[in-house]
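The values are calculated or read from the model by the stated rules, or taken from the named source; none is laboratory data. Keep in mind that this is a model prediction, so the values were computed, not measured. Backbone-built Cβ (ideal geometry, glycine too); neighbour counts: all protein chains shown. For the accessible areas, the whole protein counts, side chains as well, though only heavy atoms, and no ligand, DNA or RNA atoms are used. Shrake-Rupley method; radii C 1.70, N 1.55, O 1.52, S 1.80 Å.
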Amino acid sequence: NPYAGLVSHLRAAWLSGKTRPLEYRMAQLEALGRFLDEKKQEILEATALDMGKPSTEAYFTEILLCKNELNDTLNNLCRWMKDEHVDKNLVTQLDSAFIRKDPYGVVLIIAPWNYPIHLFLVPLIGAIAAGNCVIIKPSEIAKNTEKLVAEALTCYLDSDCFAVVTAGVEETTKLLENKFDYIFFTGSATVGRIIMEAAAKHLTPVTLELGGKNPCYVSDTCDVQNVARRVAWGRFFNAGQTCLAPDYLLCSLEMQEKLMPALRAAIVEFFGSNPKESPDFGRIVGDKQFRRIRALLRSGRVAIGGQTDEKERYIAPTVLADVLPSDPAMQEEVFGPILPIVVVANMDEAIDFINARPRPLAIYAFSCDSKVVNQVLERTSSGGFCGNDTLMHVTLSSLPFGGSGNSGLGKYHGKFTFDTFTHQRSCLHRNMGLETLNSVRYPPYTQQKQGLMTATLEIKRKGMCTLL
């Protein structure tokens, strides 16, 4: 196996204990901060070349949010690493019971192309913070960013403990044949199943961030202009190539008619009368992806946009009206600048529509009535939820980010990333003396011993409080 030597080299470094001290972890994390600061312009240029990513969007997602995660980790790592002492029963009152925060060992992070820095760097921050050695596999589709990461990142990190592998499908398959102690993957559900199958051969735990079709319900009682601006921003950010983007709208026929002029006005406000000329609207990452998204325009009727340019891989911000559940745009994640609208009679029908489909990465609900938003929250399931906005919940490192069911497995961001890459090792350190106290558990067993064991080990339910 072409990667066996690399994995063995990193495993030897991990077994040496090099990555365990707080000072080492902090030094490597600070090196990541220097990478972001010193390579900021190269990152903006590389993402622009790969998919025409607007510099403001690239700065916000690939630089600022990564720095936030990094600083949050640096500010709190000392506390996160400490042993966590736990409650004890009567038998162990004189002993020490705690949870030790152990690194897993050698972990693999496989990143996608749509946010090619953010989606490897944020899990990498947590993996380093937890004391692991790491192999990073950036996406080969975002070629310019992959080249930058491969050439630059290794200059900042310890090469004994961290490595970047550039690989296509065939090479990644070989890479996955090796035994890792943890695998973190972001991408499609189809590839996620392949990753999970490869991990299962070594009983390797995984985090899978997979995306999905995120529904957005708009009630009849809402501020239409505000809804249109917030939905358009979330849908067309990064030219729609966002796993968290609202994938389709659910609303009444009356609300669909109200939203159309408001969505058209929002698109003009954001990108001008010709979005193709806007410096703030990106492009599709590749020809294959362009052709797949363009084929979805056959769904419903094009109410706004619909223009395409294959040479530039440009698809205009598009809204499709009167889309049927059987239309192509509703059979797969759009992952492009197309917003289908499916008409429903009311909130109950919208909730039934959502619940009849695989659990999405996010659900969005808009209403001036908080009871409506809460009803959607309480009666559905998803990785995350955001009421009266889109995407913004991902900016909080205090919230776990991850999928549920078909949209993924596991969570990260902030301390949740540290926890993901940490084995919580249960530890009990007992006193060597006082053997008389232990005799109650040794054979020969008697009714008296059983009674004493019950008295010292039993957890009793607390009494119920009754209001008179």
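Taking R0 as 30 Å, what FRET efficiency do you get between residue 370 and residue 59 from their Cβ-Cβ distance, rounded to the nearest 0.05? Kindly include the intermediate steps, with their values, before the conclusion.
Numbers: r = 34 Å, r/R0 = 1.12.
Once rounded, the FRET efficiency stands at 0.35.
Listed peptides 443-453, 329-339 appear in the order 329-339, 443-453 once ranked by packing, highest mean of other Cβ atoms within 10 Å at the front.
How much space per residue, in cubic angstrom, does the convex hull of the C-alpha atoms of segment 166-312 take up?
Working: hull volume 22.5 nm³, N = 147.
Given the Cα convex hull of segment 166-312, per-residue volume reads 153 Å³.
For residue 38 and residue 170, a Förster radius of 51 Å and the Cβ-Cβ distance give a FRET efficiency of 0.95, rounded to the nearest 0.05.
Counting Lys and Arg as +1 and Asp and Glu as -1 over every other residue whose Cβ lies under 11 Å from the Cβ of residue 266, the net charge comes to +3. Counting only DSSP beta bridges whose two residues both lie in segment 215-404, roughly 25 percent are antiparallel. With respect to the chain, whose longest principal axis is taken over its alpha-carbon atoms, helix 4-15 is tilted by about 50°. Counting only DSSP H runs of at least 4 residues, each contributing -39500 (n - 2.57), and dividing by the residue count of the chain, the helix-based mean residue ellipticity at 222 nm comes to -11500 deg cm²/dmol.
Cross-link pairs exceeding 29 Å in C-alpha to C-alpha distance, out of 40/174; 174/411; 137/213; 371/415; 40/137, comprise 40/174; 371/415.
Stretching the chain fully between residue 287 and residue 220 yields a gain of 20.2 nm (0.36 nm per residue, less the alpha carbon separation).
For segment 215-404, what does the accessible surface come to per residue with a 1.4 Å probe? Please give it in Å².
On the way: 7770 Å² over 190 residues.
Accessible area per residue: 41 Å².
What are the trypsin sites (Lys or Arg not before Pro) within segment 290-377 that DSSP puts in a loop, where the Cβ has at most 11 other Cβ atoms within 10 Å?
Values: sites: 291, 292, 294, 298, 301, 311, 313, 371; in loops: 311, 313.
Passing both the DSSP loop test and the Cβ count: 311.
Distance between the 7 Å Cα→Cβ label points at residue 298 and residue 324: 1.3 nm. If only the Cβ of Lys and Arg carry +1 and only the Cβ of Asp and Glu carry -1, the dipole of segment 269-423 around its Cα centre is close to 460 debye.
If you bin all the Cα-Cα distances of segment 36-188 at 5 Å, starting from zero, the percentages per bin are 2, 8, 16, 19, 18, 12, 9, 5, 4, 3, 2, 1, 0.
Between residue 425 and residue 393, the modelled labels are 3.5 nm apart [label points 7 Å from Cα along Cα→Cβ]. In segment 215-404, a dipole from Cβ-located charges (positive for Lys and Arg, negative for Asp and Glu) runs towards its positive end, and of 308, 337, 273 it is 308 whose Cα lies farthest in that direction. Using a probe radius of 1.4 angstrom, the carbon and sulfur fraction of the accessible surface of the chain is 54%. Summarising the label geometry, the points placed 7 Å from Cα in the beta-carbon direction at residue 190 and residue 450 lie 6.1 nm from one another.
For the chain, a simple Cβ point-charge model (Lys and Arg +1, Asp and Glu -1, everything else neutral) yields a dipole of about 1180 debye relative to the Cα centre.
Just subtract the alpha-carbon distance of residue 31 and residue 276 from 0.36 nm times their residue separation and send over the number in nm, one decimal. All intermediate terms of the calculation are to be shown ahead of the outcome.
Details: separation 245, 0.36 × 245 = 88.20 nm, distance 3.83 nm.
Answer, rounded to one decimal: 84.4 nm.
By the rule of a C-alpha distance below 26 Å, with chain neighbours fewer than 8 residues away ignored, the lysines paired with residue 449 are 88, 460, 462.
Given the chain, what whole percent of its Cα pairs are spread farther than 36 Å? So the portion of pairs separated by more than 36 Å is 38 percent. On a per residue basis, segment 70-170 carries 37 Å² of accessible surface, using protein heavy atoms and a 1.4 Å probe.
Here segment 215-404 yields Rg over Rh of 0.94, to two decimals, using C-alpha coordinates and the Kirkwood radius.
Of all beta bridges that DSSP places with both ends in the chain, some 35 percent have antiparallel geometry.
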